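K.L.:
Here you go, one structure.
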2 protein chains.
Amino acid sequence: MVVATQSSKSVEELCINSIRFLAIEAIEKAKSGHPGLPMGAAPMAFVLWDKFMKFNPKNTKWFNRDRFVLSAGHGSMLQYALMYLAGFDSVSIEDIQQFRQWGSSTAGHPENFVTDGIEVTTGPLGQGIANGVGLALAEAHLAAKFNKPDATIVDHYTYVILGDGCNMEGISGEAASFAGHQGLGKLIALYDDNHISIDGSTDVAFTEDVSQRFESYGWHVLHVEDGNTDLEAISKAIEEAKSVTDKPTMIKVTTTIGYGAPNKQDTAGIHGAALGADEIKLTRENLGWTYEPFEVPDEALNHMRKAVERGASQEEEWNKALADYKAKYADEGAEFERYLSGKLPDGWADVLPSYTPEDKALATRKHSETCLNKLAPVLPELIGGSADLTHSNLTELKGYGDFQKGAYQNRNVHFGVREHAMGAICNGMSLHRSGLIPYGATFLIFTDYMRAAIRLSALSEVGAIWVMTHDSIGQGEDGPTHQPIETIASLRAIPNLTVYRPADGNEVSAAYKVAIAKAKNNESTLMAFSRQGLPNLKGSSIEKATKGGYILSCGFAPEELDIILIGTGSELQLCAGAAEKLIAEGKKVRVVSMPSWEVFEAQDEAYQDSVLPKVAGKRLSVEAGTSFGWEKYVGFEGGSVSIERFGASAPGAICLEKFGFSVDNVVAKAKEVIG
Amino acid sequence: MVVATQSSKSVEELCINSIRFLAIEAIEKAKSGHPGLPMGAAPMAFVLWDKFMKFNPKNTKWFNRDRFVLSAGHGSMLQYALMYLAGFDSVSIEDIQQFRQWGSSTAGHPENFVTDGIEVTTGPLGQGIANGVGLALAEAHLAAKFNKPDATIVDHYTYVILGDGCNMEGISGEAASFAGHQGLGKLIALYDDNHISIDGSTDVAFTEDVSQRFESYGWHVLHVEDGNTDLEAISKAIEEAKSVTDKPTMIKVTTTIGYGAPNKQDTAGIHGAALGADEIKLTRENLGWTYEPFEVPDEALNHMRKAVERGASQEEEWNKALADYKAKYADEGAEFERYLSGKLPDGWADVLPSYTPEDKALATRKHSETCLNKLAPVLPELIGGSADLTHSNLTELKGYGDFQKGAYQNRNVHFGVREHAMGAICNGMSLHRSGLIPYGATFLIFTDYMRAAIRLSALSEVGAIWVMTHDSIGQGEDGPTHQPIETIASLRAIPNLTVYRPADGNEVSAAYKVAIAKAKNNESTLMAFSRQGLPNLKGSSIEKATKGGYILSCGFAPEELDIILIGTGSELQLCAGAAEKLIAEGKKVRVVSMPSWEVFEAQDEAYQDSVLPKVAGKRLSVEAGTSFGWEKYVGFEGGSVSIERFGASAPGAICLEKFGFSVDNVVAKAKEVIG
């Protein structure tokens, strides 16, 4: 492709080339990064940020800003260049010079927890567009909830730039299908159609008709044929996209990857590697760029910095609208402000029920349903649902309606059988940072389908709640494809994620108490609930279970203990039963409930030692899953009643019995450990 | 919907109703299962099995059979009913009466490792259709490789029944996009379009135009409007599908879920629960069914059992064709038979290179590339590729061309950025059971995107090789979204999966030696390779590393050891360096390399104890990832140099240094443990 020489440099061209060369030079200096996308997508990004995006660079937290997501996160320099040019304090020219270096604000991929003004963390492909669906869902919900015919306080767009990689990932298809179904009209995705991915031309693996696919999802689809130079067409397309409010819009913008680099543009070679001095020189000549590395022409900087003033006035206008709103609608205004504050209403946790052993044995998923429904009225910001297992996961907020097109104020979201998108959509809802507490539910085993999104919830300071049911072989007949064995261990291994596996009603209430508080603190919690009924145990309490691990029963001093039985979830009752038998035989036994390793390990050392005293080294863990990781509590001297193979299809009680989850077997294993 | 009373019962109707009532009664007896799909999909399944499917019920291993996949695996009774009626020995009427019971051949979901004649394990939605793509890919590859203009020995279709759930999952979209790109014309998917999923009508979450979507992928799309009764239309559609050989076909078959149950059909209530006695009675009346539970009218059984004779003669015909082929093409015939035998050629492992410390330091991904390319000529059954990271994963088999439409004989598969489908496609290739050794590659972190497929490889006796590179924070600048921390632990936790993290060239060769042998034994191995260069270590060897764990260096008796340093992968060199320093200071140190926990633990106890003697209780693990699980080797007295948080974006060497992966820090931590 021949790149036209720029004879007259309009300010637009200067801005666009500023973006390109900031990216080129930062990547060159770092000797690492992805110049192809920033160079090709600079025109669409410039038009979007310059003519359409509503934001205040000096107040990145302004609620009513448009949200921008670079789903093709490897093109991070595009976003950093835009942020620097637009006047964000978090990205200075020095920061850009420190691209991809230790401690800089310009990490390899956009990270919301590192760089103020970035909405969501991208890089793992397809997550960003699904986060965008979550952001748009949050906006739609809050708009339906708070806006009044005569007063609008929630009104922004969500813009996403995604690439071929994002579009190949299944998660993006799931999210797009959901968004189309829901008609999220204020979601606008710009697809950087550059027909190159890492392996070369998309001809080698990706020849589908993406536009037709988005049409099949119910999206409004547009095409800008020359995304390299036709700024007018980009602008018109975004305008048209904004005008269609009952469908999300996908604008396919055909571009040239690495636009302007005479030898490397339109090749995979420019996707993910620095250009090198020679090609930079040629690119400069080709684009008529005479500025020093990291130098931005004043004209361009002045033009783009108008965003500061523009944003301030947009925010001011909104502040007035909010003041008017509060004057007219005091209660709603106060509630809106509470949402934004991230604060929980006083006394919210008082609704969580407590239980005694006399209360009916119920599945913990049933207790979870109770908690969700007790919390629903006091926490109107609780919103979520299941990946098509609502009545198995028991996650319906009764009386709060289905979130659907025309009923966005409702709070039960039907995600469909789209676990991965559900995860990323919940992440987006939380990262809307408007106080919403999203939850997503499926069978525990299917966390495998959404693991990348769960990991991102832990990494990127999301406050979501993952409600997972059917948490062991106790789920029964569905068999090994549906029975978690290694699942809980693999989730406990994720940094920053709190995992709870409660044993009874009190422990479920405790799990919710912790999870809600953590959600408001931008931390995510995953809860694993049983399918089968479980007794309410003597010795459990909400308060104790909020410590993560505690003594369920013990009548002996630490130094005289023969063994500590440590159980979680449905197996804690076996520990209690075994302890009874062992004590009757003269053994000195303590039972410890350990619903959450992470929460237990966050307690002070004295407390931890009071529960698991160092002097009491003989321990047996009992959990219907792998022993992987339990060695940390049971050591070389201890043991585990566990499962080290896949499960089997049979009624749950039979499975548990066959795999050794009986009081008698726990007694026998305990005796082996005692020796 | 009014169901027409069957006044005259054709044999077809009897067969179809036999399927329905076997499902109804088996599920009723088990009080567990999913009758809705078998009842609605019985007509299409009957037509397919009766008129089209080529198979020999008495020889389920016959190579040239058509492959059948019930991607909507919850409808397993459909498949068991078909198998019983068609005369498979693995499913008797007694087996059907034991549906979903401990030890039966009729598990909750179809399981190839339990029930002879089932091709792949389904249940987790979307996997089956992606497995089907792998089966069709295997057929296309073998056909291109072995068939001659005058002699055809590879020639079968792959049929898949999938439902709304499968179609909502992202993995199915990835796989379908890939299949459309590749033009896999002998793949025929019947989509049971019953507009019901667990949460109710698909109207609540799934209103996309599925047919249009498949068209966008390049599929041939057909529609049977009345899949309940129009057998002729089903038949014509399958015929038309077979005739289009350059595109896969999706036949949307509109049906009524739970067809025939007057109160429950067309509702979510019949999706996943037994009908109950009352509704069964009404269904019997409605469908004019007067037979006892589990009774099949002779006419129906005799009709469907014709499959036995038909299959025998189809196989006989093929056996003749194979004999002719072997007569004409002795070498190819012998190779084909070796493929089917699952045997490796003599001396294959001799090509794996060994190294000495004088050899150049290289990234283990680079050694992996060498192994793949050494193996490629001696193992022509090795076929695979990367999810669009070919030149980062270094997985190209050089000189063996790209697998593409018109070039199916080639062996480099471009999966696109579709990790999850890649996993399931590789599973399907292996489960074609024709000797192929599939491999799939991406960055280690993105195993999170394909975890469900990796789990299924371990569960369902797949022999695949997962080639994962960029295995730690050492990957550097891409930052925490791309840096595995908990990833290796979470993979080690999966039963039946062998994980290797080699430290140098010899260990990479060992990993391939083990992985290839395991693949032929229908076991999967995941290998984690470094991005960065690593020295070849003194004391490593292929032979030792094939034991999973071994003594890299030790000049001391077990009882005098001060500490054992246990390292894997890129950190083993730190252990070696630290041991040198510690020994210089008078400490007695052993260095153990532990590239594969699973393989080490499969050695006899004496060997294990010789490496990690019980008397030497002070141990330090060194691995650039979480310590989760390492407690099993280091116990209460030991320690770990590990990472218990997410990574950071910076050059890899800086990341490793900042996170404590230096000889000096290993020395310091070792001293702490020694105390």
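The values are calculated or read from the model by the stated rules, or taken from the named source; none is laboratory data. Note that the coordinates shown come from a computational prediction; the quantities given were computed from them, not determined experimentally. As a convention, Cβ positions derive from the backbone with ideal geometry for all residues, glycine included, and neighbour counts pool all protein chains shown.
K.L.:
Starting from segment A:202-223, take each residue that is at the interface with chain B (Cβ under 7 Å from one of its Cβ atoms) and list its partners that are in a loop (DSSP other than H, G, I, E, B) and surrounded by fewer than 20 Cβ atoms within 10 Å (Cβ to Cβ), counting only C-beta distances under 7 angstrom and pairs at least six apart or across chains.
P.N.:
A:Ser216/B:Asp209; A:Gly218/B:Thr207
K.L.:
Let me ask something additional. When you scan segment A:126-139, do you find a residue that is of a type in the set (Val, Ile, Thr), crowded, with 24+ Cβ neighbours inside 10 Å and closer than 21 Å to A:Ile198 by Cβ, even just one? Quick ask: steps written out before the conclusion?
P.N.:
Keep residues of segment A:126-139 that are of a type in the set (Val, Ile, Thr), which gives A:129, A:133.
Subset that is crowded, with 24+ Cβ neighbours inside 10 Å: A:129, A:133.
Next cut, closer than 21 Å to A:Ile198 by Cβ only: A:129.
Yes, segment A:126-139 has at least one match.
K.L.:
When segment A:617-626 is examined, which residues are found to be more than 8 Å from chain B (Cβ to nearest Cβ) and either crowded, with 21+ Cβ neighbours inside 10 Å or not in a loop (DSSP other than H, G, I, E, B) (or both)?
P.N.:
Across segment A:617-626, the qualifying residues are A:Arg619, A:Leu620, A:Ser621, A:Val622, A:Glu623, A:Ala624, A:Gly625.
K.L.:
From the list B:Ser430, B:Ser434, which one is more than 13 Å from chain A (Cβ to nearest Cβ), outside any strand (DSSP E or B), surrounded by fewer than 24 Cβ atoms within 10 Å (Cβ to Cβ) and at pLDDT 95 or above?
P.N.:
On the way: B:Ser430 fails: surrounded by fewer than 24 Cβ atoms within 10 Å (Cβ to Cβ).
Matching residue, one of B:Ser430, B:Ser434: B:Ser434.
K.L.:
Being closer than 30 Å to B:Asp478 by Cβ and in the same structural domain as B:Leu552 (by TED's automatic domain parsing) is true for just one of B:Phe636, B:Phe600, B:Phe646. Which residue is that?
P.N.:
Numbers: B:Phe636 fails: closer than 30 Å to B:Asp478 by Cβ; B:Phe600 fails: closer than 30 Å to B:Asp478 by Cβ.
B:Phe646 is the lone residue from the list that is closer than 30 Å to B:Asp478 by Cβ and in the same structural domain as B:Leu552 (by TED's automatic domain parsing).
K.L.:
While we're on this one: Which of (1) within 12 Å of another protein chain (Cβ to nearest Cβ); (2) closer than 30 Å to B:Gly183 by Cα; (3) part of a loop (DSSP other than H, G, I, E, B) is the odd one out, the single condition A:Ala274 does not satisfy?
P.N.:
Every condition holds for A:Ala274 apart from (2).
K.L.:
Condition test on B:Phe415, is it within 14 Å of chain A (Cβ to nearest Cβ), surrounded by fewer than 24 Cβ atoms within 10 Å (Cβ to Cβ), in contact (Cβ under 8 Å) with a residue 40 or more places away in the chain and touching a helix residue (DSSP H, G or I) at 6+ places or on another chain (Cβ under 9 Å)?
P.N.:
Working: within 14 Å of chain A (Cβ to nearest Cβ): yes; surrounded by fewer than 24 Cβ atoms within 10 Å (Cβ to Cβ): no; in contact (Cβ under 8 Å) with a residue 40 or more places away in the chain: yes; touching a helix residue (DSSP H, G or I) at 6+ places or on another chain (Cβ under 9 Å): yes.
Criteria not met by B:Phe415.
K.L.:
Does B:Gln573 satisfy the criteria of being surrounded by fewer than 24 Cβ atoms within 10 Å (Cβ to Cβ) and in contact with a Phe, Trp or Tyr (Cβ under 8 Å, 6 or more places away or on another chain)?
P.N.:
no
K.L.:
List, please: which pairs have Cβ atoms under 7 Å, are six or more places apart or on different chains, and start with a residue in segment B:142-157 that is free of Cβ contacts under 8 Å to residues at least 24 places away in the same chain and end with one that is hydrophobic (A, V, I, L, M, F, W, C)?
P.N.:
Close Cβ pairs (under 7 Å, with a partner that is hydrophobic (A, V, I, L, M, F, W, C)) amount to B:Asn147/B:Ile153; B:Asn147/B:Val154.
K.L.:
While we're here: If you go through segment A:93-122 one residue at a time, how many are over 23 Å from A:Glu523 (Cα atoms), more than 10 Å from every other protein chain (Cβ to nearest Cβ) and touching a residue at least 12 places away in the same chain (Cβ under 8 Å)?
P.N.:
Final tally of qualifying residues: 4.
K.L.:
Which of the residues spanning segment A:477-495 are part of a loop (DSSP other than H, G, I, E, B) and at the interface with chain B (Cβ under 7 Å from one of its Cβ atoms)? Please lay out each step first, then the result.
P.N.:
Of segment A:477-495, the ones part of a loop (DSSP other than H, G, I, E, B) are A:477-486, A:493-495.
Hits for segment A:477-495 are A:Glu477, A:Asp478, A:Gly479, A:Pro480, A:Thr481, A:His482, A:Ile485, A:Glu486, A:Ala493, A:Ile494, A:Pro495.
K.L.:
In segment B:390-400, which residues are crowded, with 17+ Cβ neighbours inside 10 Å and without any contact (Cβ under 8 Å) to a residue 60 or more places away in the chain?
P.N.:
B:Thr390, B:Glu396, B:Leu397, B:Tyr400 - these are the residues of segment B:390-400 that are crowded, with 17+ Cβ neighbours inside 10 Å and without any contact (Cβ under 8 Å) to a residue 60 or more places away in the chain.
K.L.:
Also, quick follow-up: Is it fair to say B:Tyr259 is aromatic (Phe, Trp, Tyr) and more than 14 Å from chain A (Cβ to nearest Cβ)?
P.N.:
Numbers: aromatic (Phe, Trp, Tyr): yes; more than 14 Å from chain A (Cβ to nearest Cβ): yes.
Considered against the rule, which asks whether it is aromatic (Phe, Trp, Tyr) and more than 14 Å from chain A (Cβ to nearest Cβ), B:Tyr259 comes out as yes.
K.L.:
A:Asp50 - would you say it is of a type in the set (Asp, Glu) and within 26 Å of A:Thr229 (Cα to Cα)? Outline the logic, then answer.
P.N.:
Details: of a type in the set (Asp, Glu): yes; within 26 Å of A:Thr229 (Cα to Cα): yes.
So A:Asp50 fits the description; yes.
K.L.:
Determine which single condition B:Glu585 fails, assuming it passes every other condition in (1) away from every other protein chain (no Cβ under 14 Å); (2) acidic (Asp, Glu); (3) under 30 Å from B:Asn496 (Cα atoms); (4) surrounded by fewer than 21 Cβ atoms within 10 Å (Cβ to Cβ).
P.N.:
All conditions are met except number (3).
K.L.:
Considering B:Thr115, B:Thr122, which residue is of a type in the set (S, T, N, Q), within 28 Å of B:Leu85 (Cβ to Cβ), over 13 Å from the mean Cα position of the chain (by Cα) and not in a strand (DSSP E or B)? Explain how you work it out, then say what you get.
P.N.:
Working: B:Thr122 fails: over 13 Å from the mean Cα position of the chain (by Cα).
Testing whether each residue is of a type in the set (S, T, N, Q), within 28 Å of B:Leu85 (Cβ to Cβ), over 13 Å from the mean Cα position of the chain (by Cα) and not in a strand (DSSP E or B) leaves just B:Thr115.
K.L.:
Within segment A:234-250, how many residues are without any contact (Cβ under 8 Å) to a residue 40 or more places away in the chain and either within 18 Å of B:Val210 (Cα to Cα) or buried (at least 20 other Cβ atoms within 10 Å of the Cβ) (or both)?
P.N.:
Residues in segment A:234-250 being without any contact (Cβ under 8 Å) to a residue 40 or more places away in the chain and either within 18 Å of B:Val210 (Cα to Cα) or buried (at least 20 other Cβ atoms within 10 Å of the Cβ) (or both): 1 in total.
K.L.:
Whether any residue in segment B:479-488 is more than 11 Å from the chain's Cα centre (by Cα) and of a type in the set (D, E, K, R) is what I want to check. Working first, answer last.
P.N.:
In the first step, residues of segment B:479-488 are kept if they are more than 11 Å from the chain's Cα centre (by Cα); the result is B:479-488.
Going one step further and asking which of them are of a type in the set (D, E, K, R), we end up with B:486.
Yes, segment B:479-488 contains at least one residue that is more than 11 Å from the chain's Cα centre (by Cα) and of a type in the set (D, E, K, R).
K.L.:
Suppose we filter A:Ala441, A:Ala458 for residues that are within 22 Å of the chain's Cα centre (by Cα), surrounded by fewer than 24 Cβ atoms within 10 Å (Cβ to Cβ) and either at pLDDT 95 or above or at negative phi (or both); which single one remains? Can you show your working first?
P.N.:
Numbers: A:Ala441 fails: surrounded by fewer than 24 Cβ atoms within 10 Å (Cβ to Cβ).
Sole residue among the options that is within 22 Å of the chain's Cα centre (by Cα), surrounded by fewer than 24 Cβ atoms within 10 Å (Cβ to Cβ) and either at pLDDT 95 or above or at negative phi (or both): A:Ala458.
K.L.:
Yes or no: B:Asp448 within 20 Å of A:Gly126 (Cα to Cα), among the charged types (D, E, K, R), in a helix (DSSP H, G or I) and outside the structural domain of B:Gly73 (by TED's automatic domain parsing)?
P.N.:
Working: within 20 Å of A:Gly126 (Cα to Cα): yes; among the charged types (D, E, K, R): yes; in a helix (DSSP H, G or I): yes; outside the structural domain of B:Gly73 (by TED's automatic domain parsing): yes.
In short, yes.
K.L.:
For A:Phe403, only one of the following conditions fails: (1) within 12 Å of chain B (Cβ to nearest Cβ); (2) among the aromatic types (Phe, Trp, Tyr); (3) buried (at least 24 other Cβ atoms within 10 Å of the Cβ). What is its number?
P.N.:
(3)
K.L.:
Which condition from (1) modelled with pLDDT of 95 or more; (2) farther than 20 Å from B:Phe68 by Cβ; (3) among the β-branched types (Val, Ile, Thr); (4) buried (at least 21 other Cβ atoms within 10 Å of the Cβ) is the one that B:Ile196 breaks?
P.N.:
Result: B:Ile196 passes all but (1).
K.L.:
A further question on this structure: If B:Phe600 passes every condition in (1) of a type in the set (Phe, Trp, Tyr); (2) under 30 Å from A:Ser460 (Cα atoms); (3) part of a helix (DSSP H, G or I) but one, which one does it miss?
P.N.:
(2)
K.L.:
Does A:Gly474 meet the test of being part of a helix (DSSP H, G or I), over 23 Å from A:Gly385 (Cβ atoms) and within 14 Å of chain B (Cβ to nearest Cβ)? Spell out how you get there, then give the answer.
P.N.:
Working: part of a helix (DSSP H, G or I): yes; over 23 Å from A:Gly385 (Cβ atoms): yes; within 14 Å of chain B (Cβ to nearest Cβ): yes.
Taking the combined requirement at face value, the residue satisfies it.
K.L.:
Here's a follow-up. Going through segment A:58-81 one residue at a time, which ones are in a loop (DSSP other than H, G, I, E, B), surrounded by 24 or more Cβ atoms within 10 Å (Cβ to Cβ) and not aliphatic (A, V, I, L, M)? Outline the logic, then answer.
P.N.:
So in segment A:58-81, the residues in a loop (DSSP other than H, G, I, E, B) come out as A:58-66, A:71-72.
Restricting the remaining residues to those that are surrounded by 24 or more Cβ atoms within 10 Å (Cβ to Cβ) gives A:71-72.
Correct list: A:Ser71 only.
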